[in-house]
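The values are calculated or read from the model by the stated rules, or taken from the named source; none is laboratory data. Quick caveat, the model's predicted, so the values are computed rather than measured. Ideal geometry is used to build each Cβ from the backbone, glycine not excepted, and the neighbour counts take in all protein chains shown. In case anyone asks, the SASA skips ligands and DNA or RNA and just uses the protein heavy atoms, side chains included. Shrake-Rupley method; radii C 1.70, N 1.55, O 1.52, S 1.80 Å.
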Number of protein chains: 4
Amino acid sequence: MQQQAQIAVLGVTGYAGAELARLLLRHPRLAGASPLFLGREGSARESLTAIHPQLAGLSQDQLCVEPFSWDLLTSRGVKVLFLATPHEQSRKLAPEALSRGLRIIDLSGAWRLNDSANRAVYKFSDEASLAATKAQSQSVYGLPELHRGDIAKAQLVANPGCYATSIILALKPMVAAGWVDINRGIVCDAKSGVSGAGKEPTAKTHFMHAADNLSAYGVFGHRHTGELLEQLNLPSDAITFTPHLLPIPRGILATIYVTLREKRTAEEIETCLRGFYIDSPMVRIHAAGHLPHIQHVVRTNFCDLGFQLAPDGRRCIVISCLDNLLKGAAGQAVQNLNVMNGWQETEGLL
Amino acid sequence: MQQQAQIAVLGVTGYAGAELARLLLRHPRLAGASPLFLGREGSARESLTAIHPQLAGLSQDQLCVEPFSWDLLTSRGVKVLFLATPHEQSRKLAPEALSRGLRIIDLSGAWRLNDSANRAVYKFSDEASLAATKAQSQSVYGLPELHRGDIAKAQLVANPGCYATSIILALKPMVAAGWVDINRGIVCDAKSGVSGAGKEPTAKTHFMHAADNLSAYGVFGHRHTGELLEQLNLPSDAITFTPHLLPIPRGILATIYVTLREKRTAEEIETCLRGFYIDSPMVRIHAAGHLPHIQHVVRTNFCDLGFQLAPDGRRCIVISCLDNLLKGAAGQAVQNLNVMNGWQETEGLL
Amino acid sequence: MQQQAQIAVLGVTGYAGAELARLLLRHPRLAGASPLFLGREGSARESLTAIHPQLAGLSQDQLCVEPFSWDLLTSRGVKVLFLATPHEQSRKLAPEALSRGLRIIDLSGAWRLNDSANRAVYKFSDEASLAATKAQSQSVYGLPELHRGDIAKAQLVANPGCYATSIILALKPMVAAGWVDINRGIVCDAKSGVSGAGKEPTAKTHFMHAADNLSAYGVFGHRHTGELLEQLNLPSDAITFTPHLLPIPRGILATIYVTLREKRTAEEIETCLRGFYIDSPMVRIHAAGHLPHIQHVVRTNFCDLGFQLAPDGRRCIVISCLDNLLKGAAGQAVQNLNVMNGWQETEGLL
Amino acid sequence: MQQQAQIAVLGVTGYAGAELARLLLRHPRLAGASPLFLGREGSARESLTAIHPQLAGLSQDQLCVEPFSWDLLTSRGVKVLFLATPHEQSRKLAPEALSRGLRIIDLSGAWRLNDSANRAVYKFSDEASLAATKAQSQSVYGLPELHRGDIAKAQLVANPGCYATSIILALKPMVAAGWVDINRGIVCDAKSGVSGAGKEPTAKTHFMHAADNLSAYGVFGHRHTGELLEQLNLPSDAITFTPHLLPIPRGILATIYVTLREKRTAEEIETCLRGFYIDSPMVRIHAAGHLPHIQHVVRTNFCDLGFQLAPDGRRCIVISCLDNLLKGAAGQAVQNLNVMNGWQETEGLL
């Protein structure tokens, strides 16, 4: 008798997909039931370890990637479907999956934005369709630290962007407290490792371009900007967000500059941050003046936050670090799975 | 008969010293007269290529580092003395060298700052001495793009800090034009390769810490801040400057965020930058929206400037790149030597 | 009531110590009983996460490093003591620990070599002592793939060197089968990441020296050579072993050149390797012509072996890859712990 | 009147082409006459600095890449043509260029091999043609240290492969002296930076694959093997050559293992090497036991050689380092240009 899979993953060929497979194969709640790995409709069955040799030995099963079909999902009893697919594919698949009663965790940008003005940058081909509008209305932004309750009940979880996660977690406590002088503008200078640029070999991801280099890109136009505006409830010119390509495989460090409306002490700020995340085990707050490094978080699902206050008590720098493939993608997706199932939020993630 | 050296270099053991030696050995105006390389007083004579194997073969002479003495400088006819020494040593040597009629190019932070409040961060042991006060009054800030005329006549040139060079060159044109809204604050998010942290093996420069990592340091307290304030004529809280340690050997990229007092077009900004540097061959201006990378400038003496303007016409990001050991140290020192001698500013630097 | 520790670790400040702490904190057989972490005698109690910030959040306990004392070991009921200490310290501690009935897994080079000629390179201060001779006679070389049975019963396990593990695992099957022409010599060209050079900041481990570089070291004199000779039962000039320092944090790749006594086919060689490791889950054999990369094994406890045979059927190249901090140190130590306790060899290591 | 170019370069889009352009633009003998840069027939005229931004500012001319045509070569008075083109294109162009009286320096593998068995690996489409046979018979292997006299008179110079240069220079002195025991086999374990893999973005050159990794490739089948055999006059199974891909931008280090026919001293070997290269300024011999690093040679045209002898006096390891884009490609091509013109061999290369 075929073992029943409760979980399926569509799209495991990329970097986030590989991490997702690894996390699910090791997840204590899924022991004894390997997830169902799916490729594109019509694609041939292939071995998972041929695609990702580093996954060899993690499971006793012969792990395979099966061609996608709705029937296969049904016959294998799938309840939760991870979509690690390009935006357009997620737009197409999610409404159908919803109608079949599946719960979805989508890692793409397809369902993250409520405001059509913010969505414009994606140029979705089905922007105006009824199915998409309905799916969007059901979608919950999958940042457990902000939307834990809604995620627990959600049918469609839109897993946040990696940059967006790092910046929203850093800013939310002080913005929500009304401490930040929005009129002075917020600068988010963010730096990401090369895995964030995807697995496609391009001039940009060529070792000779990426190594021993640093470059800014997507200035005043990066797709994650809309997530910042919606989740922080800010007007469109309040945030200046500049991503940079770092010569490292993985990790994000965002240096965030805010001006406070009133003079504050380091103690007040630390208390604000710690209080906000008191029930969030995947956010670690550093003591004032102890700034996190990328190495502290790489290959973990933690987001580390540190800050330093200027002697004037008004200018504050917050440093936020996370692993773009884990807390910025696959790890956060598993964290959402835990929340959706009522499991401990950290299960399979420590 | 001993060949006469016109040039001496004190301190060639560090990274900037090695670059300075290389540049001077190749300098067309110095062909046939190797510079005199000097070590600490009382140190033993040693081979330059034993210290820096990569300099082997650059000269037909057996290159040696001689123990320092004033007599040796006199007997070898030295006219210009480069000090690639720690701050305190430069504070001690420069007044004496001035009194002996030598012209000095000092690569340390000893003589860069006119305002004693800004100098406080260095804690100079001779802060209040007459000799130091007199030397400081003769000192010219060695950024040729700003002070070419004064450098040409100077006895003591204070070669700028690497971060300071990158940021001042980026900001000066628009600040001088009165375009920048100082009240909104200027954010300088700068990133430097590890050579900027010096040759001393430390926990910070250990490969295991520096590689695959990014970290901020010196937040609200870096020594180069005073140079920014003095050269840009800004109040002390107008600039927020955050250095980061990049996992690359050399190169600086500074991402600089300004708000303009009035709406401007990209053409206006490009014209402003090009006009300011029209006679400065070592600054290269990129067309609007074409941002420089660190790789464009590594192992050159160029500072590359690019910018991008927000759709609102008010928020402007300037990217500035240079090689911290060349335009940020040894290359700029040679550029100053050229200016002091009335030679072409780019000689020996292309 | 104080929770009882069955396991203690002495020396967690280095890279292997950090990995060992991480593995033991996650080990399923040790759930609910954090190991006892120990520092030098007389050292102050300090927080483990202050030393290794990346371990934060892995345990609910406040993890501390306690000053070492034998009484503390007794009072906490310690049965197995890991020594992640320098050679000389292991030489001093192990005999005493044995006399107190502890089982020891020593990660240093103190007890790996039976032949005093091979030990000479270590210049042990107690080379001729009775206690050391007795301890050495009890010592088992901790390579489970070769000595599983002896390790299960051992009081003192000498965890192998990282290079030695990679080379012995690659060569043992064909050498044991008598296939290798010893007279033609075996060349082992091995390359290791910088963590192998230790945490001490030195000129060699400085980012500026290690990055963008490659260098050979320890030629004809590396300490792991004796392990190769003893474990492979070879005369002293049969192996030429050259380590190189790779510009990466971790991982070893050894390229091993043997000449076969008789012409063989790729199928025969693959069969020989697979047969030898059929009960060894931590060794993965690649199909003929599919050579392993360092990335396949980094952050795993696997040793990956691949090979390619020349068209002449006599010259064979074996490529062996492992993570020097895991299968080359801490992971192998935990594998030995598993064997000593009769647990599954892979527990806590997948 | 159009300034006359004596030199033309066909193919400057790759890494070696960029280095070649840089060297020629700075070459003291070519001052005042920029080389003629040529693209494919029919391609549009484009700016050289658009292709290689790091070349900006090196020349007062507006540097352009012109569409290739024979007429343009004639009208611009070209005497020497560099071919930095793929093998097949060089096979097609060189015979025609020869018939027009041009002297050629070809950087591809098209004309390096005299033995058709060695050429087989290239699968040249015109292998049997008369034109190719005639061109090959005129071709001189462009390693000045071995063939200086022939190069001076040559019409067609076949610039050697990068690996081949590093290995031939290391082995030639002792092989020529008859000291090497060929029957014992020579192992050449070579490691190259990623620029050696070309500018095409591929899975292999993707940062995520190349960084933090090491892998062997081309085992028992690399194209440079034939050059080793022909230039060292060895039978086909005497050399085992294994290239590896290093996670660095540029540089080659080859570790070469030979067995000597008779016991030798380190002094004898050092004397042999120094004597062989006494008139070769681009080869630097290190003292016995002082092994070169890649950093010593990167961005230079030097090949550095060092060695270490086993205590048995028979096993000898030679380490050879060079920059694959300079001494391994563009620098060696300029060295050949110097020799062909009777200029100092090092001109424009120090």
Looking at B:I7, B:A131, B:T255, which one has the Cα that reaches farthest to the positive end of the dipole of chain B (charges on Cβ: Lys, Arg +1; Asp, Glu -1)? B:I7
When averaged across all projection directions, what area in nm² does the alpha-carbon convex hull of the stretch B:39-118 cover? 6.7 nm²
Inter-chain Cβ neighbour average for residues D:341-350, partner chain, 10 Å: 1
Rounded, prolate or oblate: which fits the protein assembly as shown when a ≥ b ≥ c are the square roots of the eigenvalues of the alpha-carbon gyration tensor, with rounded for a/c under 1.5 and prolate only if a/b beats b/c? rounded
To the nearest 20 Debye, how big is the dipole of the stretch C:60-171 about its Cα centre, given +1 on the beta carbon of each Lys and Arg and -1 on that of each Asp and Glu? 220 debye
At A:K134 and D:L72, where each label point lies 7 Å from the Cα along Cα→Cβ, what is the point-to-point distance in nanometres? 6.1 nm
Checked against the positive end of the charge dipole of the stretch C:162-322 (+1 on Cβ of Lys and Arg, -1 on Cβ of Asp and Glu, about the Cα centre), the farthest of C:Q295, C:H222, C:L232 is C:Q295
Test assert for the stretch D:55-91: residues whose accessible surface shrinks by at least 10 Å² between chain alone and all chains, 1.4 Å probe, equal D:A56, D:G57, D:L58
Quick check: at a probe of 1.4 Å, how many percent of the accessible area of chain A sits on carbon and sulfur atoms? 50 percent
Around C:S47, which amide H atoms from residues at least 5 apart in sequence, or from another chain, sit under 5 Å from its own amide H, with H modelled in the peptide plane? C:V65
A correct Karplus calculation of ³J(HN,Hα) over the stretch C:40-55, with 6.51 cos²θ - 1.76 cosθ + 1.60, θ = phi - 60°, whole Hz and x for Gly and Pro, returns 5, 3, x, 6, 7, 5, 9, 6, 5, 7, 5, 6, 10, x, 5, 8
Have a look at the stretch A:84-148 and give its Rg and Dmax from the Cα atoms, expressed in angstrom. 11.4, 32
Counting only DSSP beta bridges fully inside the stretch D:162-322, the antiparallel percentage to nearest 5 is 70 percent
Net dipole in debye of the stretch B:162-322 [+1 Lys, Arg Cβ; -1 Asp, Glu Cβ; about Cα centre; nearest 20]: 200 debye
In Å², what does the accessible area per residue of the protein assembly as shown work out to with a 1.4 Å probe? 36 Å²
May I ask you to find the residues of the stretch A:161-204 that are shielded by at least 50 Å² of accessible area once the whole protein assembly is considered instead of their isolated chain (probe 1.4 Å)? A:R184, A:P201
Over chain B, calculate the relative contact order: mean separation of alpha carbon pairs under 8 Å at least 6 apart, over the residue count, as a percent. 18 percent
Just which residues of the stretch D:233-254 lose 20 Å² or more accessible area with every protein chain there, against their chain alone, with the probe set to 1.4 Å? D:D237, D:T240, D:T242, D:H244, D:L246, D:P247, D:I248, D:P249, D:L253
Loop trypsin sites (Lys or Arg not before Pro), the stretch D:110-170 (other Cβ atoms within 10 Å of the site Cβ: 13 or fewer; DSSP): D:K123
Cα-Cα over 32 Å: which of B:K134/B:K172; A:K199/B:K199; A:K204/C:K191; A:K327/B:K199? A:K199/B:K199; A:K327/B:K199
Would you mind calculating the relative contact order of the stretch D:162-322 from Cα pairs under 8 angstrom and at least 6 residues apart, reporting the percent as a whole number? 29 percent
Using a 7 Å offset from Cα along the direction of the beta-carbon, what are the separations from D:T13 to the same position in each other copy, nm, ascending? 2.6, 5.0, 5.6
If R0 = 35 Å, then A:E88 and B:H290, at their Cβ-Cβ distance, give a FRET efficiency to the nearest 0.05 of 0.75
Is the shape of the stretch C:261-322 best called rounded, prolate or oblate, per the rule: a/c under 1.5 gives rounded, else a/b larger than b/c gives prolate, else oblate, with a ≥ b ≥ c the square roots of the Cα gyration tensor eigenvalues? oblate
Tell me the label-point distance for the pair A:A177, C:N114, using the 7 Å Cα-to-Cβ offset, in nm and rounded to one decimal. 6.6 nm
Per-residue HN-Hα couplings for the stretch B:241-249, Karplus 6.51 cos²θ - 1.76 cosθ + 1.60 at θ = phi - 60°, whole Hz, x for Gly and Pro? 10, 10, x, 10, 9, 8, x, 9, x
Chain A: longest segment with zero exposed GluC sites (Glu not before Pro), where exposed means DSSP loop plus at most 16 other C-beta atoms within 10 Å, is residues A:128-261
FRET efficiency for D:S43 and D:R148, Cβ-Cβ distance as r, R0 = 22 Å, nearest 0.05? 0.05
Only bridges with both residues in the protein assembly as shown count here: give the DSSP antiparallel percent, nearest 5. 45 percent
In Å² (nearest 100), what accessible area is buried between A and D, both sides summed, heavy protein atoms only, 1.4 Å probe? 1400 Å²
Sort shortest first the distances from B:A152 to its counterpart in every other copy, using label points 7 Å along the Cα-to-beta-carbon line, and give them in nm. 4.9, 7.6, 8.9
Using square roots of five times the C-alpha gyration tensor eigenvalues, list the equivalent-ellipsoid semi-axes of the stretch A:162-322 in whole Å, biggest first. 27, 18, 14
If you average 1/r over all unlike Cα pairs in chain B and invert the result, what Kirkwood radius do you get in angstrom? 20.8 Å
With +1 on the Cβ of every Lys and Arg and -1 on the Cβ of every Asp and Glu, and nothing else charged, how large is the dipole of the stretch A:47-114 about its Cα centre, in debye rounded to the nearest 20? 260 debye
Computed D for the stretch C:235-340, Stokes-Einstein, Kirkwood radius over alpha-carbon pairs, 4 °C, 1.567 mPa s, to the nearest µm² per second, is 86 µm²/s
Please give the direction-averaged projected area of the C-alpha convex hull for the stretch B:1-134, in square nanometres with one decimal. 8.8 nm²
